[in-house]
C-alpha cells in the first residue's frame with residue numbers, strides 16, 4: 001500500500017506517542033511497582049536492563065505503527081496472524097483479550113491501593129470509583145477514547161520525571177549502597193528470578209507484557225496516521241519517552257531502596273518525601289493514568305469479542321459485564337496481582353517479540369530479493385531488445 005503525500009504533523013506524532021504511553025504506562029508503571037520488580041530489584045544491573053527495554057520498545061513501536069498504517073484499509077487486520085502465523089496467531093487472538101482483561105483488573109486494583117495508601121480510605125472506594133469511570137468512558141468508543149488519553153500519557157511522564165529527578169538529587173549517595181541493601185533484604189519480588197543474567201530476561205519480560213496487549217491497540221492506532229513517517233515516529237518517540245522516564249524512576253528508587261521495598265506505591269512515597277502537596281497531586285495523576293490504561297484495555301477486550309461494527313446495545317452489555325467482573329477480581333491485593341500475572345504472560349510475549357522481529361527480517365529480505373529480481377529482469381529485457389534491434393539492422 002503506497003504512502004500518502006500528506007505533510008507530516010508534529011502534533012499527530014506526539015498524539016500517537018502520548019496515546020501509546022498512556023495505554024502502556026498504567027498503575028503498574030506510574031506507581032513504580034513494575035519498574036521496581038523488573039529493574040530496580042536487580043540493583044545497578046537493572047539500569048542496563050532499562051536500555052535493553054528501550055531498544056525493544058523503539059523497534060516494536062515503529063514496526064507495529066508502520067504495519068497499522070500499511071494496512072489502514074483492512075478493518076479486521078490487527079497484525080496478530082501476520083506475525084504469528086495461523087496456529088500461534090489463533091492462540092494469541094484469544095489470549096490477548098484475556099490478558100487485556102487481567103491488566104484492566106490490575107489497574108482497578110491499583111486505584112484501590114492508591115486511595116488506601118494516600119487518603120487512608122478503604123480499597124473499595126478506589127475500585128468502585130474507577131470501575132464506574134471506566135464503564136462510562138469506554139461507552140464512547142475508540143476515537144473519543146484516544147482524544148481523551150493522548151494528553152494524559154505525557155502529563156504522567158512529565159510528573160514522574162520531576163518527582164524522580166528531585167528524589168535522586170536529594171539522595172544521590174543512596175545509589176552506592178543500593179546493591180548492599182538489596183542483598184540483605186528478604187521477600188523481594190523479582191520480575192524474572194534472581195540468577196546472574198536474570199536482569200536481561202526481566203527486561204525482555206517487561207517489554208513482552210506490554211507488547212502482548214499492545215499489538216492490537218498500536219496497529220489500530222497506526223491506521224489513523226496520515227503518512228508512514230508520522231506512524232513510525234509516533235512509535236519511536238513513545239519507546240524513548242517511556243523508558244527514559246523508567247530510567248530516572250529506577251535511579252530514584254535505588255537511591256531510596258530501603259524505604260521503597262516497604263510500600264506498594266513507591267512513587268507516592270518518593271512524592272511524599274518531597275512535599276505533601278506534590279504527593280497529593282501525584283495521587284491524582286496516578287489515578288488518571290490508571291484510568292487511561294484501564295479504559296482502552298476494556299475497549300480492546302470488547303472489540304475482540306464483538307468487533308467495531310456491533311450494535312450499541314450489544315457493545316454496552318459487553319462493557320457492563322466486563323467492568324463488573326473486573327471489579328470483583330480487583331479485590332485481590334495490587335502487588336500480588338502484578339507478581340503473578342505479569343511473569344506468566346511475559347514468556348508468551350517473548351515468543352511474540354521474536355516472531356515480530358523475525359517476520360520483519362523475512363519480509364525485508366524477501367522484498368530486497370524481489371527488487372533485485374525485478375531489476376535483473378528489466379536489464380535482461382533491455383539487453384534482449386537491444387539484441388533484437390541489432391539483428392533487424
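The values are calculated or read from the model by the stated rules, or taken from the named source; none is laboratory data. Keep in mind the model is a prediction, meaning the values are calculated, not measured. A quick note on method: Cβ atoms are made from the backbone with ideal geometry, for glycine too, and the neighbour counts reach across all protein chains shown.
For residue 21, the test of being in a helix (DSSP H, G or I), under 26 Å from residue 190 (Cβ atoms) and modelled with pLDDT under 90 is passed.
Inspect region 24-35 for any residue being at negative phi, at pLDDT 90 or above and either surrounded by 16 or more Cβ atoms within 10 Å (Cβ to Cβ) or in a helix (DSSP H, G or I) (or both) and give the result as yes or no. Looking through region 24-35, at least one residue is at negative phi, at pLDDT 90 or above and either surrounded by 16 or more Cβ atoms within 10 Å (Cβ to Cβ) or in a helix (DSSP H, G or I) (or both). The condition of being at pLDDT 85 or above, within 22 Å of the chain's Cα centre (by Cα) and on the phi < 0 side of the Ramachandran plot holds for only one of 125, 115, 108, that being 108.
If you check 102, 44, which single one turns out to be closer than 29 Å to residue 182 by Cβ, surrounded by fewer than 19 Cβ atoms within 10 Å (Cβ to Cβ) and either touching a residue at least 24 places away in the same chain (Cβ under 8 Å) or in contact with a helix residue (DSSP H, G or I) (Cβ under 7 Å, 6 or more places away or on another chain) (or both)? Steps first, please.
Working: 102 fails: surrounded by fewer than 19 Cβ atoms within 10 Å (Cβ to Cβ).
Result of the check over 102, 44: 44.
Taken over region 135-150, the residue count meeting the criterion of being assigned to a loop (DSSP other than H, G, I, E, B) and modelled with pLDDT of 75 or more is 3. Just checking, which of 221, 251, 242, 270 is over 22 Å from residue 145 (Cβ atoms), buried (at least 20 other Cβ atoms within 10 Å of the Cβ) and at pLDDT below 95? The match here is 270. With respect to the conditions (1) assigned to a loop (DSSP other than H, G, I, E, B); (2) over 22 Å from residue 300 (Cα atoms), residue 229 falls short on a single one, namely (1).
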